[in-house]
1. Applying the Karplus parametrisation 6.51 cos²θ - 1.76 cosθ + 1.60 with θ = phi - 60° to the phi angles of segment 56-65, what ³J(HN,Hα) value in whole Hz is obtained for each residue in order, glycine and proline being reported as x?
2. How many nm is it between the label spots at GLU15 and ALA49, if each spot is 7 Å from the Cα in line with the beta carbon?
3. Using a simple charge model, +1 on the beta-carbon of Lys and Arg, -1 on the beta-carbon of Asp and Glu, nothing else, what dipole does the chain show about its Cα centre, in debye to the nearest 20?
4. I'd like to know how the chain sits against the 2.2 N^0.38 Å rule of thumb: what's its Cα Rg over that expected value?
5. From the phi angles alone, apply the Karplus equation (6.51, -1.76, 1.60; θ = phi - 60°) to segment 16-21 and give each ³J(HN,Hα) in whole Hz, x where the residue is Gly or Pro.
Amino acid sequence: MEIPRRLIELRRAVEAADDRYRNNRGENATVALAVWSDATAALAQGVAAFAEENGLSRQEVESAVRRAAERRSPADRGLRPPR
């Protein structure tokens with residue numbers, strides 16, 4: 001299954017927001033929680049829409065998105081692609 005880049009980016013945004021929330025206190029944590037909540041809602045909506053459009057289960061798509069988001073491109077790792 002080809003996972004759209006948008007869903008991978010949303011998954012990574014959720015993970016980053018979760019990290020920010022866990023590493024903040026007070027007002028900063030409240031803001032980070034709001035960002036996490038918005039990112040999570042956007043990801044859930046995107047996964048549901050993709051699953052429906054492609055006749056797949058939401059769980060199947062969530063799993064595929066999670067696996068795709070865990071993979072890092074050479075650019076993500078600070079490496080240059082081969083010429």
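Every number in this text was worked out from the coordinates using simple rules, so none of it is lab data. Keep in mind that this is a model prediction, so the values were computed, not measured. Glycine also receives a Cβ, built like all others from the backbone with ideal geometry; neighbour counts cover every protein chain displayed.
1. 10, 7, 4, 4, 5, 5, 4, 5, 5, 5
2. Taking the simple label geometry, GLU15 and ALA49 are separated by 2.3 nm.
3. 520
4. Cα-based Rg divided by the globular estimate yields 1.26.
5. Values, residue by residue: 5, 5, 4, 4, 4, 4 Hz.
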